[in-house]
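First comes the structure, then the notes that go with it.
No value in this document is a laboratory result; all are computed from the given coordinates. Small disclaimer: the values here were computed from a predicted structure and weren't measured. Neighbour counts are summed over all protein chains in view; Cβ atoms, including those assigned to glycine, are modelled from backbone coordinates with ideal geometry.
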Amino acid sequence: MAGPGMVELLPKEYGFVVAVLVLYCFLNFYMAVKVGRARRRYNVPYPILYASESENKDAKLFNCVQRGHQNSLELMPIFFMLMILGGLKHPSLCAALGVLYIVGRYFYFTGYSTGDPTKRRKGIFGMLGLLGLMLCTISFGCTLLHKPASP
């Protein structure tokens, strides 16, 4: 359990970073529910990850929903790491970039879920948020590398 000293070391605006991380958790939950509903609708039982087009006429429709969520899960650790680290130096900027990324992920997922994979491009702008988070994290790393050595 972190003592009060730990919280005092963080910038006040770091609360925005935490809020955006939780917002992404809600988006992830939304996507998981949509995949669960698609499993029932297109008759794709667990533990099958992707439907086979030779066995299921609705395979592409299900697979687009599944893939939209899966891609977001694949990028989630990167997003979280960049938010947490970059936010230590640039909390407000990282929070804004994180919201941009999340909105982009939402449009990516909803576009992909239509069954037309090209519609996932509607959310490509969210990658600008991820790129910005990378730059903020690089800035934080450079700050650490250039600080005076501890005695």
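A few notes on this one:
- Mean Cβ neighbour count within 10 Å, used as a protection proxy, ranking 103-113, 27-37, 48-58 highest first: 103-113, 27-37, 48-58
- Rounded to 10°, Cα long-axis angle of helix 14-41 versus longest principal axis of the chain: 10 degrees
- Annotation: extensible slack from T143 through Y46 equals 30.2 nm (criterion: 0.36 nm per residue apart, minus Cα-Cα distance).
- Stretch gain in nm, segment Q70-V33, where the contour uses 0.36 nm per residue and the Cα spacing is subtracted: 12.0 nm
- Contact order normalised by residue count of the stretch 28-140, Cα under 8 Å, 6+ apart, percent: 26 percent
- Label of the coordinate-derived value, Rg and Dmax of the Cα atoms in Å, listed as (i) 15.5, 53; (ii) 19.0, 68; (iii) 16.3, 52: (ii)
- Charge dipole magnitude, Cβ of K and R +1, D and E -1 - the chain, Cα centre, debye nearest 20: 440 debye
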